[in-house]
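Some notes on the structure that comes next.
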Amino acid sequence: MQGHDDQEPTVHIRELKKDSVNFVLKNVDLAFANSVRRVMMADIPTVAIDMVEIEINTSVLPDEFIAHRLGMVPLGSSNCDEAIRNTRDCTCLAGCDSCSIMLLLDVQCNDHSTMDVTSHHLDVVPPGTPGTWSQEGDSEAGEELSKRGEGFGRPVGKDDGSPPILICKIRKGQHLKLKCVAKKGIAKEHAKWSPCSAVSFEYDPYNKLRHTTHWFESDERGEWPLGPNAQEEEPPRDGEPFDFNAQPRTFYFDVETDGSLGPQEVVMKGLAELQTKLANLILGLKSQPELDMLTSADPHSNGHATTDTWGGDGGGGAAGWGPAAGGGGGWGASSPARGGASTGGWGSASPANSGGGSSWGGGGAASSQGWGSPNQQANGWNV
Amino acid sequence: MNAPNRYELYVLEDGEKPVEITEDTKIPNAATIKIVKQDHTLGNMLRAQLLSMPQILFAGYKVPHPLHPYFIIKIQTDGTVTPQEVLEQACTKLIGTLASLEAKFKREFSFKDVEGAVGGVGSNMAHEDPYGGAGGGAWSGGRDYLDF
């Protein structure tokens with residue numbers, strides 16, 4: 001692996017289409033290329049329907065079935081970093097314009113023929129419509145709304161006349177009426193948030209490195225036809241000795257998106273996300289001794305006046321006040337931010353939580369259900 | 001009901017430390033570093049970068065259990081730098097590589113934009129029924145048991 005370090009990585013885009021990009025990445029490690037692939041598939045935020053409240057469903061499909069299908073519908077998610085908050089970071093209780101998008105579907109069949117209910121029937125409720133969210137006015141409006149593009153949250157393909165996604169078929173007299181809430185997330189949580197529908201990744205088209213074994217009946221080359229990427233590399237000569245030190249250095253990618261993000265945005269966001277991960281790790285390594293002292297000297301961010309009982313012991317590791325505790329979350333139990341910040345409210349059973357009547361769940365403010373279900377779904381299906 | 005929030009797979013909890021360093025007591029210049037809320041994406045990349053650095057004697061990582069969202073990376077150096085420092089150097093180097101790659105991607109994409117390669121997809125088939133003629137299933141008109 002050594003000796004390659006002086007070479008800079010290069011990239012060549014072979015084809016760029018509306019929803020896919022094909023490129024060749026050279027002079028990088030296998031591990032590096034694979035991380036790029038992984039991060040594009042699993043770590044880029046998009047929006048997808050996360051909660052469905054079904055009012056009328058007289059179709060032949062059960063509610064869960066429809067809710068799951070709705071979750072898979074790709075929604076326009078351009079500039080997702082700035083245009084929408086995570087509900088867990090939002091100041092609202094269950095959902096607001098800054099962290100959620102409401103979509104409505106109301107279709108009834110009155111004809112003598114089967115009717116398709118498709119993704120084109122989903123209508124976005126424009127942000128700011130009164131009565132959209134159950135608890136209005138308890139959230140701090142951010143500048144998220146102004147950062148949203150035109151197609152943000154709309155089902156992909158609704159505006160350009162491409163064929164819609166079938167959700168259900170209904171016959172005469174059947175009715176489907178429901179309310180969806182779309183939220184931001186990443187594909188590590190659920191694959192519906194992946195911006196990629198397929199990422200092809202290939203190296204060593206001639207199998208010179210013997211990372212795989214080709215099973216064959218009589219003729220290996222005849223039974224394993226070469227792919228198009230083989231034209232980019234030199235074919236092995238007959239009887240060439242096996243180079244056991246060789247490392248793969250050229251990778252052929254084809255990133256195909258589901259339309260929620262463009263291919264360019266997926267690639268660029270992926271690289272940025274990897275850098276963020278590394279930068280956070282550096283920060284974590286550096287802050288081992290110093291940051292604990294910093295936080296103990298900085299009482300304003302956590303609602304306690306006596307911070308020295310907590311953060312005092314330098315590098316000891318007991319300090320519960322990491323850098324993440326800054327944003328008004330923390331243990332300040334009676335503040336309304338506590339109930340809103342956590343959709344789950346797992347750790348809030350501590351005696352420090354004096355707010356609200358219920359001792360479990362989301363600090364009393366979130367749910368009247370006593371045991372506080374981890375997700376604040378009223379009746380809906382958690383797809 | 002009792003399931004932990006799914007985002008706990010990748011979001012640090014309040015006050016949770018992103019890294020935890022344990023120095024090895026038996027092997028010189030070695031440390032085991034636990035990196036929380038990260039997975040193979042970061043682990044394998046770091047391992048490969050560390051192995052390409054001359055000061056490293058050993059570097060390896062593992063995700064001990066697929067349901068536990070952390071990985072551990074073991075590093076042994078030749079003594080000129082501590083494992084912690086060398087990991088930091090590896091991160092910085094990777095960020096540099098990624099930044100230069102990002103610039104190259106930006107250049108390549110801007111060329112493609114000029115060429116106007118971004119074409120419409122599927123516009124020619126917009127008028128066909130994508131589900132194979134669902135409209136053909138009209139019932140034989142007349143009375144229906146729903147028409148009361």
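Summary table
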| item | result |
| --- | --- |
| Pairwise FRET efficiency - A:Glu55 versus A:Ser113, Cβ, R0 = 25 Å, nearest 0.05 | 0.50 |
| For A:Val28, residues with placed amide H under 5 Å, excluding near neighbours | none |
| Peptide B:30-36 - average C-beta neighbours from other chains (10 Å radius) | 1 |
| Rounded to whole Å, sorted largest first: equivalent-ellipsoid semi-axes of segment A:48-87, Cα gyration tensor | 27, 10, 7 |
| Mean Cβ count within 10 Å, highest first, over the residues of peptides B:30-36, A:29-35 | A:29-35, B:30-36 |
| Of the trypsin sites (Lys or Arg not before Pro) in segment A:221-284, those whose Cβ has at most 11 other Cβ within 10 Å and which sit in DSSP loop | A:Arg237 |
| Range of Cα positions in segment B:10-115 per principal axis (Å), largest first | 61, 35, 23 |
| Which of A:Trp193, A:Trp224 has the fewest Cβ neighbours within 10 Å, and the rest in rising order | A:Trp224, A:Trp193 |
| Built amide H within the under 5 Å cut-off of A:Ile167, gap 5+ | A:Val117, A:Thr118, A:Ser119 |
| Neighbouring partner chain Cβ atoms per residue of A:32-43, average, 10 Å criterion | 4 |
| Reachable lysines from A:Lys286, criterion Cα separation under 26 angstrom, eight or more residues apart if same chain | A:Lys269, A:Lys277, B:Lys17, B:Lys26, B:Lys34, B:Lys37, B:Lys62, B:Lys74, B:Lys93 |
| Residue-wise HN-Hα coupling along segment A:267-273, computed from phi with Karplus coefficients 6.51, -1.76, 1.60 (Hz; x: Gly, Pro) | 5, 5, 5, x, 5, 5, 5 |
| Built amide H within the under 5 Å cut-off of A:Gln174, gap 5+ | A:Cys109 |
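Throughout, read-outs are computed from the coordinates displayed, never taken from laboratory work. Remember, it's a predicted structure, so these values are computed and weren't measured experimentally. We place every Cβ from the backbone using ideal geometry, glycine too, and count neighbours over all the protein chains shown.
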